[in-house]
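Asker: This structure is in structure tokens; I'll ask about it shortly.
The values are calculated or read from the model by the stated rules, or taken from the named source; none is laboratory data. Quick caveat: nothing in here was measured; it's all calculated off a predicted structure. Quick note on the areas: whole protein, heavy atoms, side chains included, nothing else; ligands and nucleic acids left out. Shrake-Rupley method; radii C 1.70, N 1.55, O 1.52, S 1.80 Å.
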Amino acid sequence: MSLAQRWIGSSRTRLAAAAARPRVTVHRNALRSGARFYASEAAAEEAFNPDEVERATDEVDVCIVGGGPAGLSAAIRLKQLDTDDSLRVVVLEKAAEPGNHIMSGAVLEPRALDELLPNWKEDGAPLNQPALKDTMKFLTQNMAFPLPHPPQMNNEGNYIVSLSRVVAWLAEQAEALGVEVYPGFAGAKPVYNEDGSLKGVCTGDVGLDKNFQPKDSYEPGMEFHAKVTLIAEGAHGSLSKVLQNKYNLREGKDPQTYGLGIKEVWRVRDEVYEPGKVIHTMGWPLDYKTYGGSFLYHMEDNMVTMGLVVGLDYPNPYLSPYQEFQRMKHHPFFAEILKGGERLAYGARALNEGGLQSIPKLYFPGGALIGCSAGFLNVPKIKGTHNAMKSGMVAAEEIYKQFQENPEAEQIDMSGYEKEMEKSWVYDELREVRNIRPSFHNPLGLWGGMAWSGLDSMILKGKVPFTFHHPKEDSAATELASHHKPINYPKPDNELSFDILTSVSLTGTNHAENQPVHLRLPPGKEARQHHVEENVSKYAGLLGRVCPAAVYEYQDAEGAEEDAEGKKFVINSQNCIHVSNFVFVAVPGGCEPGTELRIGSRLGIRQSLLIAEPDPQSSGPSRDDESDR
């Protein structure tokens, strides 16, 4: 494969587009800085610094990072408006093909799709299974009781879809309009102008070994410079976090709160298959202090997708979301559906749950946040794709307006995008339900939250003169292990429940044996010692239970191998299924934003520091990119 094909892809459409617009500047030193030069000299290999490599650059009008529903909707809407084909629009997508990072199974509200592509039915959009029946249950350990159905959860007119197929179809529509969609490119880091504004992004280097040295296959990442860059990575993306910190976009906003969604796809028996049926539950297996619930959707072809979402503000460090999900499948309500079936896929995903109060400032010099990078998930409705798509469309309309008013502008002002979003039906929808998720922050937990949610959903409909808030980060809710008893989870039976490594094997994640480890502790023995002391002695090794892929372990150790507390901390990065898009925060004490990951900011562990880097060499798992469940 040529270097041009690596940058652009093998599609003849993309290669032809590149040939027609020869704006790529290739610095030949980038090739000489590659592995062939360094591999021959150990001394030079030690001196290799990727920041000093000269890189190819491409000048575009609009760069969109993320080829999910939000990013592709923005691209499509922009090219619909650009009737004279004067704007060059590029979408960078880390999956090998559009849709590959999306796990099957979502209920899609087609409101935004109707606006974007009114003829989607005639054009072959893969929305084939209408939602025909809704039910909601409250579970005890052995019983399932019907609950009143909140109006937000009415799915009449919606579709149960494979979101992966929908995204692949959207990519086809975008390319047909002239959008350049480049799969296989992760937006690894921002590129800034001298005045501090965003200039564009740099894609990840490929061909580095586990010691971050170039191999024979080394190719440096490429810089895309744009007049405006849209960040559409999904929940808790790496660039999103860096930019929110740099431009202080969260000032005056509530902390973002998160849920961890764990999902499986099964093929079930004819006698229990009810195409179009949508089921949601609350209650067991979670206790009243833990926010969450389950879902089960009957898709096409005898398939169902089911899962459990656990709010990451749970207090008990002994809780394992993965194990809660596995034991949930043994509840008689679910076991009857699953028994005799075949498990086809497994995945997990971080979800934004903060709602309206937690949406950051949406624009910054040189770009804007769209989709779940901003956090438009409607938690009570359990849908986010339609809002993500609409945000992309609104951003595109503002971009086109600015290009029309200032065709020679070197950078686009996106302040109008935020104003238009605040007037859109997205904000109307989120404003109505703004008090439901934070109502669960009360001494009665589930019971208090259900009482308020019922009143607000059925009667008040958000028309109250006050707004509840999220008082603290998820991490601050974690209590000491000494305040709780360990949870003894049942062993898997390999029919309904399975061990975690067997599940990971179904994700489709592929890491090369010699690729760089993208999750690391800061260098030095003291960092490992501090991490283990803090998390084992106070929180009983919470990180080993919260991860749905067994990436982190605290193994028994002695002597030189011991980090602290008789344990050795092990990172099995090859297991990573990329639940979140690399979480970056600034660490108090002077570290630069984007260099260290505080797991506690997302998963409820205090003072646990890890370095995280985008992983361009992983083929990645299948998973939901825009938060519908």
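Asker: Relative to the present Cα-Cα distance, how much length would full extension add between Ser217 and Glu558 at 0.36 nm per residue of separation?
Answerer: 118.8 nm
Asker: Can you give me the solvent accessible area of Tyr288 with a 1.4 Å probe, rounded to the nearest 10 Å²?
Answerer: The value for Tyr288 is about 90 Å².
Asker: Now for a different question. Taking the Cα centroid of the range 270-313 and of the range 317-359, what is the distance between the two, rounded to the nearest whole Å?
Answerer: 7 Å
Asker: Let a ≥ b ≥ c be the square roots of the eigenvalues of the Cα gyration tensor of the range 145-262; is it rounded (a/c under 1.5), or, if not, prolate (a/b larger than b/c) or oblate? Display every interim value, and only then the final one.
Answerer: Working: a/c = 1.91, a/b = 1.51, b/c = 1.26.
Prolate shape, in that a/c is at least 1.5 and a/b is the bigger ratio.
Asker: Here is a further query. Arg520: accessible area at probe 1.4 Å, nearest 10 Å²?
Answerer: My reading of the accessible area for Arg520 is about 70 Å².
Asker: In terms of solvent-accessible area of protein heavy atoms at a 1.4 angstrom probe, what is the ranking of Ser373, Ser482, highest value first? All intermediate terms of the calculation are to be shown ahead of the outcome.
Answerer: Details: Ser373 10, Ser482 95 Å².
Most to least solvent-accessible, the answer reads Ser482, Ser373.
Asker: Another question, if that's okay. List every residue whose amide H lies under 5 Å from the amide H of Val91, counting only residues 5 or more places away in sequence or on a different chain, with H placed 1.01 Å from N in the peptide plane.
Answerer: Ile64, Glu180, Val181, Tyr182
Asker: Under 13 Å Cα-Cα from Lys133, which aspartates and glutamates qualify once same-chain neighbours fewer than 8 residues away are excluded?
Answerer: Those aspartates and glutamates meeting the cut-off are Glu156, Glu274.
Asker: Could you do me a favour and compute the accessible area per residue for the range 171-264, 1.4 Å probe, result in Å²?
Answerer: Working: 2920 Å² over 94 residues.
Computed with neighbouring chains in place, this is 31 Å² per residue.
Asker: Quick check: from the Cα gyration tensor, does the range 250-406 come out rounded (a/c under 1.5), prolate or oblate? Display every interim value, and only then the final one.
Answerer: Working: a/c = 3.32, a/b = 1.69, b/c = 1.96.
The shape class here is oblate.
Asker: Roll a 1.4 angstrom probe over the protein heavy atoms and tell me the percent of accessible area of the range 80-203 that is carbon or sulfur. Spell out each step's value before the answer.
Answerer: Numbers: 2440 of 5110 Å².
That share works out to 48 percent.
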